[in-house]
Every structure is written in C-alpha cells, then in structure tokens.
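The next block holds one structure in the form of structure tokens; read it before the comments.
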C-alpha cells in the first residue's frame, strides 16, 4: 500500500508542475490574399491576389476579428499576434498595431518591399486583455500616426493564445496507471 501512495504522490507532483508554464491553447490564421479577412464596408482597403492594402486615408479602415471561443481552456495567460507585411517605411509613416480600443499601440517595423514578420505580445498588463478574454475575441486594426496619406501591404495575421488548457486525461497514461496500481494490489495480497 505504501508503494501505491508513493506512486500517486509522484504522479500528483508531475501533474502540478505541468500547469505552471503557459502552453499554446490554439492558433487562428487569416490569409488576406484569399478574402478571409474582414474588409471595411466602403471597400477603401482592397484585397489583391496576396494581400490587403491598409490605407490610413480610409473612412472605415481594415479591421479583423479573431474568435477563439471554440478553444478549450481554463485560463489565458497572453496572446501573440504575428503579422507579415511590407511597405511601412515611408519617411513620414508611423504604422501601429491596435488591438481593440487599446491605447497601447506597438509600432510596426519600418520596411520596404521585403516581406517582414513581426510578433506582438498582449498580456494582462495591456488595456484590452480583460475585454478580449471576456468576449473570447481579439480585435485587430491599425493606426497611422505620421503625416500624409500612407498605406502598407498586410499579407496575413496569426493569433496564438497561450494559457492553461482544459485537463483531458490521456487514455493510454490513465490505463497504464490503473494497470500498475492493480498489479501492486495483487502483488501485495499474494505476499500476505
């Protein structure tokens, strides 16, 4: 019996340490060359074969919503948004990613025609984290704080959600644990 309790204690310790580090709960990717992204109602930010041209002169600028309500989780630690884009390098351009109604606007790297990938992290210290978690949706649009009518090309965006996934026992592991306990019980009874 002591062996059984020792085994259970070890397994409990392992399962407790697994939940300490945030894990990837799920990802959502939007490819704007295939019309998956949400376009503004006025059509001022048109889709091309591979990208959407985001313009700061648009009345209703491009925006997108990432709905993660189908993900199975118990808590969310943070979001990572990865953007692939070009042409954010005009002399007076200052493009920024804008999640929801956030006032924290991280800057997009200034690049020319070279396709660039940039990842932004949004956690509990950012002002839209709680509202995104409550709605189970991450809203993305862009702000341009430079002068003149500027635009850039957005190829795709990916939302990665990190946190604690809902615990689902693995059938193989659970079966092996039960078999091991049963064998220990039988062995200890034979000795008695």
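The values are calculated or read from the model by the stated rules, or taken from the named source; none is laboratory data. Keep in mind the model is a prediction, meaning the values are calculated, not measured. When we count neighbours, we look across all protein chains shown, and the Cβ atoms used for this are built from the backbone with ideal geometry, even at glycine.
Of note:
- Pick from region 45-67, criterion in a loop (DSSP other than H, G, I, E, B), surrounded by fewer than 17 Cβ atoms within 10 Å (Cβ to Cβ) and touching a strand residue (DSSP E or B) at 6+ places or on another chain (Cβ under 7 Å), ranking: modelled with the lowest pLDDT: 46
- Qualifying residue in region 89-112 (condition: under 17 Å from residue 26 (Cα atoms), in contact with a strand residue (DSSP E or B) (Cβ under 6 Å, 6 or more places away or on another chain) and in a strand (DSSP E or B)): no
- Residue match in region 1-10 (condition: in contact with a helix residue (DSSP H, G or I) (Cβ under 8 Å, 6 or more places away or on another chain), at pLDDT below 65 and not in a helix (DSSP H, G or I)): yes
- Residues within region 68-85 that are in a strand (DSSP E or B) and over 23 Å from residue 142 (Cα atoms), tallied: 5
- Output for region 126-163, where each listed residue is in a strand (DSSP E or B) and under 13 Å from the mean Cα position of the chain (by Cα): 137, 138, 139, 140, 157, 158, 159, 160, 161, 162, 163
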